[in-house]
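In what follows, a single structure is set out as structure tokens and then discussed.
Computed from the coordinates by the stated procedures, all read-outs in this text should not be read as laboratory data. None of the values given here were measured: they were computed from a predicted structure. Note that we place each Cβ from the backbone using ideal geometry, even for glycine, and neighbour counts take in every protein chain shown.
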């Protein structure tokens, strides 16, 4: 690149020197970092743009569009956005989301651990059959279950409650069961046996031996479960119609209705804020995430 | 990562060879009661929320069940006939979904593999880069990102501001679906991480031997990397196929199926039929066709795998 302004006479020499330049390890390293970091910034640009826009003033937001640095830094959008709509603030929406994601994750992970232990360590009639059924549910589109579920839940009068969202999680989730099983299989059986000799029952082995050992797998499962529940849109959309029950996802969608709103700064502010828990977890638990995906193919 | 990957494969063989059979049996003995007790949460949920609903959904598919219409009944194959002969929007939905899947999935996998190869190095900062490339994927399914995408491609949005243009990306039937495809490709993080784990499993000696034989980087890619990665490409392809046909939230928020139903994805149209027009019999029939499509596509990939997936001397 530095040789761009050379004369014709030097071309041949330049060619070879460029070649040896490329052979130079340091040059290649610099080139690598420029390319990978450059493309990385392109990848992150939309998200950075969202964050930046959430701090821009009302006048600036659609006039100083592509800049990542607000001319006038303001927190006004967050204050306005948090007020929400229809007299319901985002305090309510966050509370709803945390209830759904918190309880939902707890249920899904605990149940998955129990079931995984059953499949991984106990020999029983029909084990292979039920395991195959469980794996088959991984491929099942939710659409073939959701309509009858909706009919039954609405007959029970559970529309606008959290039961339809949480109850189906009491059985754990096939992805997590499978992942935790793989993990349990890696634990030496000697430990189980030693505990058994000391008079531990199945329950004791599970809670005292297995559970402490599979903590990394449980953390990975909990992170993914939290993510999926936090971002879940279809289930709340179907079952929660009253704005006071909206999760953050539903609230954002209603808030950002193009026909209704004009306060885009507030929308960007609330959108950015809704990503904060996700990124916070990502920063602190990146190792668990990467391992979870690489080893089991969990999708984030 | 590599340890965890090979752990399941090693564990059984270790217990076979290393220890007497009698001891192995002691901790893995037959116990129906405890077995069913431990899997009972799953079993109950499976019957209540999966198995019975599936049967019900199958039966509903042959009815004209409608929440508002009490005089509903059995209609045989009428729903299926209507889908393919008397519902032009359904055909539009099929077209949009297949176009989306056939564009977004290969592009996403190509990006995932290319970036994984770039990041498969011991250089400094690589874990930081990996995080940057993965970040869009962890938030990609959220409403916040969908809203953001809508504004990025809006009339006054970021893309037009950068290009200095005034193009209605979301309003033009030719470009609207591409905004969704780009959104999908942008989220190549998960397959990238899986590729990265696979790349780390390929022994360095293969490349060293090839280099001695005079193979250049391009040849090494086609002769070593790609063949050895085919099992992982296969896995990623199946996973992406299954999720690609079910995409919902992004289309719901960003385009709502418009313009001219060019982004009316299958799941979106099904939702509209089931929960907006409340034609749940018809929507159930659609759900079963979706299941059939996914099953057939997956089966085709599995069938084709014997021609292109290379297992070599690796253990399964």
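Using 0.36 nm per residue and subtracting the Cα-Cα separation, the extra length available between residue A:103 and residue A:279 on full extension is 61.3 nm. Which of A:193, A:76, A:60 ends up with the largest GNM mean-square fluctuation for chain A, with Cα atoms connected below 10 Å? It is A:193. Here the Gaussian network model covers chain A, with springs between Cα atoms less than 10 Å apart; of A:243, A:46, A:168, A:46 fluctuates the most. When the alpha carbon gyration tensor of the stretch B:144-278 is reduced to an equivalent ellipsoid, the three semi-axes, largest first, read 40, 20, 11 Å. Using C-alpha pairs below 8 Å separated by at least 6 residues, the relative contact order for chain A is 28 percent. Cβ-Cβ distance of residue B:211 and residue B:66, R₀ of 51 Å, FRET efficiency by 1/(1 + (r/R0)^6): the value works out to about 0.15. Each residue, residue B:306 and residue A:142, gets one label point 7 Å from its Cα in the Cβ direction; the gap between the two is 3.7 nm. For q = 0.13, 0.14 Å⁻¹, what log10 I(q)/I(0) does the stretch A:81-298 give under the Debye formula with an equal point scatterer on each alpha carbon and no solvent? These q points yield log10 I(q)/I(0) values of -0.85, -0.95. The label-point distance for residue A:190 and residue B:201, in a model that sets each label 7 Å from Cα toward Cβ, rounds to 2.8 nm. Label-to-label distance, residue B:221 versus residue B:55, with points set 7 angstrom from Cα along the beta-carbon direction: 5.3 nm.
Panel order for B:92, A:56, B:200, A:25, by other beta carbons found within 10 Å of each beta carbon, from fewest to most: A:25, B:200, B:92, A:56. Ranked from largest, the principal axis spans of the Cα set of the stretch B:80-308 equal 65, 46, 25 Å. Based on the alpha-carbon gyration tensor of the stretch A:19-111 and its eigenvalue square roots a ≥ b ≥ c, which shape applies: rounded if a/c is under 1.5, prolate if not and a/b is larger than b/c, or oblate? The shape class here is oblate. Using a ≥ b ≥ c from the Cα gyration tensor of the protein assembly as shown (square roots of the eigenvalues), is it rounded, prolate or oblate, where a/c under 1.5 gives rounded and otherwise the larger of a/b and b/c decides, a/b for prolate? Note, shape of the protein assembly as shown comes out oblate.
When chain B is modelled as a GNM with alpha-carbon springs shorter than 10 Å, which of B:150, B:223, B:89 fluctuates the most? Result for chain B, Cα springs under 10 Å: B:223 fluctuates most. The ratio of the alpha-carbon radius of gyration of the stretch B:72-191 to the globular-protein estimate 2.2 N^0.38 Å is 1.43.
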